[in-house]
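Asker: Pasting a structure below so you can have a look.
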Amino acid sequence: MIAGAWLCLLAPLGGALAITLLGESSSRRTAAWISTLSVFVAFGGAVASFVGLLGRDHEEREVVTTAWTWLATGSFDVGLSLLVDPLSVTMMLIVSGVGGLIVLYSIGYMHGDPEERRYFAYMSLFVFSMLLLVQAGNFLLLLAGWGLVGLASYLLIGFWHERPAAVAAAKKAFVMNAFGDATMALAFFVLIWQTGTLDFETAFEGAGGMSQTVVDLVALGLLGGAVAKSAQIPLHTWLPDAMEGPTPVSALIHAATMVTAGVYLIVRAHPIFELAPSISDLAAGLGAITLLVAGLVALVQTDIKRVIAYSTMSQIGYMFLGAGLGAYGNGMFHLLTHAFFKALLFLAAGLVIHHLANEQDIRKMGGLRRAMPRTYVAFLVGSLALVGIPPLSGFFSKDSILASALASGGYGQLLFAAGLAGALLTGIYTFRLLFVVFLGEPSPLVHEHDHGPAHGEGPWTMTVPVAALAVLAVVGGWIQIAGIWHPFGEWLDPIAVGREHLALVEPTVTQDYVTSALAVGLGVVGIAVAWMLYGSRKWAVPRFAAVQETLEHKFWFDELYDAIFFRPAVFVSGLVRGGIEEPLIGGSISGVTLGAREAGGALGDAQTGYLRTYALAIAGAVAVLVVVFITVQ
Amino acid sequence: MTTTLIVLPLAAALVVWLLPLPGRAVGTLALLVALVEVALWAVAVAGFGFDEGLQLQDRQSWFSDLGVSYHVGFYGFSLWLVGLTVVVCAAAIGYALWVNRERGRAYHGLLLFLMGSIVGVFTAQDLLLFYVFFEAMLIPIYVLIGVWGGPGRVRATATFVIYTMAGSLLMLAAIVVFGLSQGTFSLVDSGTSSNEWVFLGFLAAFAVKAPIFPFHGWLVAAYRESPPEVAAILSGVVSKAAVYGLVRIVIAKFPEPVDDFQVAILAFAAVGLVYGSLLAFRAPDLRSVTAYSSMAQMGLIVLGLFSLTELGVNGAILQSVAHGLVSATLFLLAGMVETRTGTSAFSALGGMARGRPALSTVLMTTGIIALAVPGSVAFAGEFLILAGVYDVGWGWAAVGAGAIVLAAMYMLRLISAVLHRAPGIDVRDEAPDLRAFELLLVVPLVAALLFLSAWPAAISEHSFSIGSSAAEATE
Amino acid sequence: MLGPDVAWYLIVSAILFSIGTAGVLLRRSPLIVLLSLEIMLNSANLALIAFARLHGGHDGQIFALAVMAVAASEVVVGLGLIVAIARKRLDLDVDRLRVLRG
């Protein structure tokens, strides 16, 4: 089991190193397969850890293994330690499993790109970083994984680096995440001085002794990092831009894994968040706001990937909502199912983009069902799961979160309402996408690329992962049915610190049923609305100019940040350069040389050239000395 | 052993200056000497007892009536600084060999002389000896920039010399007063002093050398006009002489003035950190960005030193080594870009990643470690420093954390400006990727960085021992 | 002891010294300046001998011999300069000869 954990972590790193060192001497195909196999080996390691944990008793399902001391000075030391417990193993399985399918898919998608090797090296690096993040046994190592994941994201978003838009998007993602890294680091400093360590266990114990303000600050710092990484409001503007990267990247990093790291952090650090209820409420609130805003913006997006990106933002809002309210198990459950159906949607979208020679604008699409029937089915399955129609996976997970919200008192009920509104929006924008792309008459573009049914919808490397994910999207939710059987919840219970069950709230059966009914009902209404607007086109799409503008500009966040952060930074920098640096450098040197020259000139005036002046000076000096020698003893 | 490490390059410099060898042969000889130095240093590391204080000492009395002796030796942290020196100087000499500098004998001799004096600075345990080596560092730099530098070299050299000399003269006065009042010039034998003027005299010299805002006027011009490998040594190693001086002399010998002035110095260091980052963000070419980034990093290191906590000081040493390697690599890469395109200005560069995987990988790796991505050694150092300075006040740590974001911005800008988007005006398709010899120069530096990233405890756990007076002074 | 008190010798020496100083400072011809310098040197010699007589030792007299040697050398150099200047047909006027100035 321990070996499994190390294997899981190191296999992708080995893959990345192998591809880098082999360089051009390996064929592009070989590099692709090295990467894919390394991730599948990691999955094997994760399964081994999973099996190992299953074989242990409930209380013993937490194993820490340390390789060497990473950073140490005097009394403070941080080891290179991995933690194998139910939470980390769950994440390991998701990351390496879904990751493996997506890397396999990339083989077909990226085929022909001249820089395939670099792509696969980066993908392996990413999987390694994400595994480091979820397997870390202390906060510093988690932060290391956190940062490396941000790095891999930068490298992959900016993969087609000759496109200025891609380069800009990569930088934006990295800088926003760096901000989150900074707040997390500050939280860790507090922890170090308060508890003397960054190991999870010891830090959680020590957190109990901290004052409320201090705990709140620590939780806030952690939340800052989580919000940045998971693209929640207010640090969300990087995610839509990140769609500049290749579609498998969007699927892996910006749907299934990296952006869910924030949720993982909250669940992992739940003892701290429980001690800081105001911050937990803030997290839930931000989740609720994000799910609404993202849902609204998704209604007007015309790029197929951006719709799905905003959908991701919205769904992670649900996860934050759940985690913030203490429904950690449900939040993780939704993370799991979301990984399946969101990756499915992205990969299916990738099949569409691939088929249409890199066209991503949905206004140019339509009627694709005839040319790509199986992709249509995959997309339909993913959409149904996303909207939460039973018996697909999304139904079980999303509704469990909403039920927990309902059971959490007044504030929770407010968020519950938001969540329901979100369900309606989800129905509308998801099926808007499906109908616009796949139904109706084939658009001119689709006709162009229609090579007949014999052509197939993509190579097996692309279709097999999609099929696998479709199956998972259907059955993935059957591991937890609210009110009836809870194997997933029980599996995660051991990570609770100081109590039996992980979840802070347990909804009643009535609440479960009511929630499900409402959520499904609203989802179906959403689908119906989408059908009327975009499917059968019986209604005209309402267009209110001001609303449309705001939605299209994504609530003006980008413009706001540009004005608050970027422009002032440029301005201040220019001011500093002109106002301080140039005068300082120029001035000090000319100041010194001018001063030296003037002093020299002044002294030079004493050299009159007259002999008599010199003689007088000597005589005068002698006279003074005589007086001095006589009077002073 | 220590004397060998100091004398070997100095003697080799003499040999190189006197023997009439042709260009490439001189360079090869110099490189061999440098590699032997590295090997000797490795031997010293292998046998070093990190818990035992000052070791590998050599002591000879010099002016016994004044208490001046030739006393050299290693502490844990100075061992790492010397390691940094010999590795970076070896890479620099290799670069000079590769580029085939004119008047090679003079050039390589000067580089060797520089290497020897820097090792002397890091190992000197007597104040007058320290001063001799400190000044001896100046002469080769002055000649190297002044003769082999870029178009603005005369002004740059004059500025550099004036600033440094001003600081050094103040330090000389301070040394004399301190030595006479203590009765001895030996750092090991003398006690502490609470004289603020003497403290300020020392501080002046190190503030110029680091540099600490606002004594940085010499920095940008010097880094821009010097040959790339000299800039590598300057920013990577010479600036760390200030670190050594601050730890070994200022903090260890002046506990009360350090306490009194702590907040002021932290303020200047923090200003330098932010100021350097802001200017790096807008700097128009590779060299200036690296120069301002250097200034910012030195501000961070001084911040760590004057936190006077175990975390902060150890972090400062770790960061010194990390930054030294990073900065040296960046300058060497800048040189390699300049030889291919004739410029380091961003407006003329771009798109160099296409068809040049080696350059792209090395520059990206170095740049990403430079911006202290979590997981890297620069991050470990920065984290320790900020954790340490948090103890003085949370505001300092917040400023430092903000600088992390700024560093991300300016470093990514540097990387993109050189490698990404469309090829710049001066980037020709024929400009080749990094050749094997060039890779041999930078890859060991990058490999060292990656090794330290995997195991930063190598340095942070082995810098200060219980017995060293420097450690006693901190905390 | 024969002769007047040592004090009178010192007074003469002082008078000679002042005359010499006045000459150096006030006269314009370099030749006269040299002459005045000689007077000053001789006054110093006189003082040295007087003190030697006072203390009974011979140190002063020996030192006076040294002074004479120095005076002689300096006169040689000075006269040589003056002859060189005269040959160049420049004014032998100290106030006019001021090329070496800052």
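Asker: Every residue in the stretch B:383-426 that is more than 10 Å from chain A (Cβ to nearest Cβ) and not in a helix (DSSP H, G or I), please.
Answerer: Hits for the stretch B:383-426 are B:V392, B:G393, B:G424, B:I425, B:D426.
Asker: While we're looking at this one, here's another question. Looking at this structure, is B:V271 assigned to a helix (DSSP H, G or I), within 14 Å of chain A (Cβ to nearest Cβ) and of a type outside the set (D, E)?
Answerer: Working: assigned to a helix (DSSP H, G or I): yes; within 14 Å of chain A (Cβ to nearest Cβ): yes; of a type outside the set (D, E): yes.
Spelling it out, B:V271 is indeed assigned to a helix (DSSP H, G or I), within 14 Å of chain A (Cβ to nearest Cβ) and of a type outside the set (D, E).
Asker: Of all residues in the stretch A:179-193, how many are within 7 Å of chain B (Cβ to nearest Cβ) and more than 14 Å from the chain's Cα centre (by Cα)?
Answerer: At the first step, the residues of the stretch A:179-193 found to be within 7 Å of chain B (Cβ to nearest Cβ) are A:179, A:181-182, A:185-186, A:189, A:192-193.
From what's left, more than 14 Å from the chain's Cα centre (by Cα): A:182, A:185-186, A:189, A:192-193.
Number of matching residues: 6.
Asker: Among the numbered criteria (1) among the aliphatic types (A, V, I, L, M); (2) out of contact with any Pro (no Cβ under 7 Å at 6 or more places or on another chain); (3) touching a residue at least 60 places away in the same chain (Cβ under 8 Å), which one does A:V520 miss?
Answerer: Failed condition: (2).
Asker: Would you check which residues across the stretch A:111-135 are surrounded by fewer than 24 Cβ atoms within 10 Å (Cβ to Cβ) and either among the β-branched types (V, I, T) or not in a helix (DSSP H, G or I) (or both) and list them?
Answerer: A:H111, A:G112, A:D113, A:P114, A:E115
Asker: While we're here: Go through the stretch B:350-370 and report how many residues are at the interface with another protein chain (Cβ under 8 Å from one of its Cβ atoms) and part of a loop (DSSP other than H, G, I, E, B).
Answerer: The number of residues fulfilling the criteria is 3.
Asker: Another question, if that's okay. If I ask for residues that are among the hydrophobic types (A, V, I, L, M, F, W, C), over 18 Å from the mean Cα position of the chain (by Cα) and crowded, with 20+ Cβ neighbours inside 10 Å, which ones from the stretch B:171-203 would you list? Before you say what the answer is, go through the steps one by one.
Answerer: Initially, the stretch B:171-203 is screened for residues among the hydrophobic types (A, V, I, L, M, F, W, C), giving B:171-178, B:180, B:185, B:187-188, B:197-200, B:202-203.
After this cut, where a residue has to be over 18 Å from the mean Cα position of the chain (by Cα) as well, the list is B:171-178, B:180, B:185, B:187-188, B:197-200, B:202.
If the condition is that a residue be among the hydrophobic types (A, V, I, L, M, F, W, C), over 18 Å from the mean Cα position of the chain (by Cα) and crowded, with 20+ Cβ neighbours inside 10 Å, then B:M171, B:A174, B:I175, B:F178, B:F185, B:L187, B:V198, B:F199, B:F202 are the ones that fit.
Asker: Related question: Among the residues of the stretch C:51-67, count how many are exposed (fewer than 13 other Cβ atoms within 10 Å of the Cβ) and either acidic (D, E) or assigned to a helix (DSSP H, G or I) (or both).
Answerer: Within the stretch C:51-67, the first condition is being exposed (fewer than 13 other Cβ atoms within 10 Å of the Cβ), and the residues that meet it are C:55-59, C:62, C:65-66.
Filter once more, keeping what is either acidic (D, E) or assigned to a helix (DSSP H, G or I) (or both): C:55, C:59, C:62, C:65-66.
Residues that pass the stated criteria total 5.
Asker: Let me ask something additional. If we keep just the residues of the stretch A:144-178 that are within 7 Å of chain B (Cβ to nearest Cβ), within 18 Å of B:P374 (Cβ to Cβ) and more than 13 Å from the chain's Cα centre (by Cα), which is surrounded by the fewest Cβ atoms within 10 Å (Cβ to Cβ)?
Answerer: This residue is A:K171.
Asker: Now a separate question. Do we have any residue at all in the stretch A:622-632 that's polar (S, T, N, Q), over 30 Å from B:V289 (Cα atoms) and more than 14 Å from chain C (Cβ to nearest Cβ)?
Answerer: First, pick out the residues of the stretch A:622-632 that are polar (S, T, N, Q): A:631.
Narrowing further to those that are over 30 Å from B:V289 (Cα atoms): A:631.
Subset that is more than 14 Å from chain C (Cβ to nearest Cβ): A:631.
Checked against the condition, which is being polar (S, T, N, Q), over 30 Å from B:V289 (Cα atoms) and more than 14 Å from chain C (Cβ to nearest Cβ), the stretch A:622-632 yields at least one hit.
Asker: Additional query: Being more than 10 Å from chain B (Cβ to nearest Cβ), over 18 Å from A:L265 (Cβ atoms), modelled with pLDDT under 90 and not in a loop (DSSP other than H, G, I, E, B) is the requirement here; does A:E205 meet it?
Answerer: Values: more than 10 Å from chain B (Cβ to nearest Cβ): yes; over 18 Å from A:L265 (Cβ atoms): yes; modelled with pLDDT under 90: yes; not in a loop (DSSP other than H, G, I, E, B): yes.
Spelling it out, A:E205 is indeed more than 10 Å from chain B (Cβ to nearest Cβ), over 18 Å from A:L265 (Cβ atoms), modelled with pLDDT under 90 and not in a loop (DSSP other than H, G, I, E, B).
Asker: Looking at this structure, is A:G112 without any contact (Cβ under 8 Å) to a residue 40 or more places away in the chain and in contact with a Pro (Cβ under 7 Å, 6 or more places away or on another chain)?
Answerer: no
Asker: Then there is this: How many residues are away from chain A (no Cβ under 14 Å) and among the basic types (K, R) if we restrict to the stretch C:1-34?
Answerer: 0
Asker: Within the set of pairs 6+ apart or on separate chains, which have a first residue in the stretch A:494-514 that is in a loop (DSSP other than H, G, I, E, B), a second that is β-branched (V, I, T), and C-beta atoms under 9 Å apart?
Answerer: Final answer for the pair search is A:L502/A:V267; A:L502/A:I495; A:P507/A:T515.
Asker: State all residues of the stretch B:354-386 that are at pLDDT below 90 and surrounded by fewer than 24 Cβ atoms within 10 Å (Cβ to Cβ); if no residue qualifies, say none.
Answerer: Result: B:R354, B:G355, B:R356, B:P357, B:A358, B:S360, B:T361.
Asker: Filter the stretch A:483-510 down to the residues that are among the aromatic types (F, W, Y) and surrounded by fewer than 19 Cβ atoms within 10 Å (Cβ to Cβ) and list them by number.
Answerer: Kept after step one, since they are among the aromatic types (F, W, Y), are these residues of the stretch A:483-510: A:485, A:488, A:491.
Once the filter is applied, which keeps residues that are among the aromatic types (F, W, Y) and surrounded by fewer than 19 Cβ atoms within 10 Å (Cβ to Cβ), the stretch A:483-510 yields only A:W485.
Asker: Turning to a different aspect of this structure: Testing A:L71 on (1) within 29 Å of A:L156 (Cβ to Cβ); (2) within 14 Å of chain B (Cβ to nearest Cβ); (3) surrounded by fewer than 24 Cβ atoms within 10 Å (Cβ to Cβ); (4) in contact with a helix residue (DSSP H, G or I) (Cβ under 6 Å, 6 or more places away or on another chain), one condition comes back false. Which one is that?
Answerer: Against the list (1) within 29 Å of A:L156 (Cβ to Cβ); (2) within 14 Å of chain B (Cβ to nearest Cβ); (3) surrounded by fewer than 24 Cβ atoms within 10 Å (Cβ to Cβ); (4) in contact with a helix residue (DSSP H, G or I) (Cβ under 6 Å, 6 or more places away or on another chain), A:L71 comes up short only on (3).
Asker: Determine whether the stretch B:278-285 contains at least one residue that is surrounded by fewer than 24 Cβ atoms within 10 Å (Cβ to Cβ), in a helix (DSSP H, G or I) and of a type in the set (K, R).
Answerer: Yes.
Asker: Which of the residues belonging to the stretch B:434-454 are in contact (Cβ under 8 Å) with a residue 40 or more places away in the chain, within 13 Å of chain A (Cβ to nearest Cβ) and either more than 12 Å from B:A91 (Cβ to Cβ) or not in a helix (DSSP H, G or I) (or both)? Lay out the reasoning, then the answer.
Answerer: Applying the first criterion (in contact (Cβ under 8 Å) with a residue 40 or more places away in the chain) to the stretch B:434-454 yields B:434, B:437-446, B:448-450, B:452-453.
Of the ones still in play, those that are also within 13 Å of chain A (Cβ to nearest Cβ) are B:434, B:439, B:443, B:446, B:450, B:452-453.
Across the stretch B:434-454, the qualifying residues are B:L434, B:L450, B:L452, B:S453.
Asker: Looking at A:S88, A:S38, which is the one that is in contact with a Gly (Cβ under 7 Å, 6 or more places away or on another chain) and farther than 29 Å from B:G312 by Cβ? Spell out how you get there, then give the answer.
Answerer: Numbers: A:S88 fails: in contact with a Gly (Cβ under 7 Å, 6 or more places away or on another chain).
So the residue among A:S88, A:S38 that is in contact with a Gly (Cβ under 7 Å, 6 or more places away or on another chain) and farther than 29 Å from B:G312 by Cβ is A:S38.
Asker: Hey, which of the helices (runs of 4 or more DSSP H) in the stretch A:554-619, taking only ones fully inside, have at least 1 residues that are within 14 Å of chain C (Cβ to nearest Cβ) and out of contact with any strand residue (DSSP E or B) (no Cβ under 9 Å at 6 or more places or on another chain)? Give the steps one after another, and end with the answer.
Answerer: On the way: elements: A:557-561, A:567-576, A:582-604.
It comes to A:582-604.
Asker: When you check B:M411 against the structure, is it modelled with pLDDT under 90 and not basic (K, R), yes or no? Outline the logic, then answer.
Answerer: Details: modelled with pLDDT under 90: no; not basic (K, R): yes.
So B:M411 does not fit the description; no.
Asker: For the stretch B:274-329, which residues satisfy the criterion of being more than 13 Å from every other protein chain (Cβ to nearest Cβ) and of a type in the set (D, E, K, R)?
Answerer: Correct list: B:D285, B:R287.
The values are calculated or read from the model by the stated rules, or taken from the named source; none is laboratory data. Nothing here was measured: the structure is a model prediction, and the numbers come from that model. Reconstructed Cβ throughout: ideal geometry from the backbone, glycine too, with neighbour counts over all protein chains shown.
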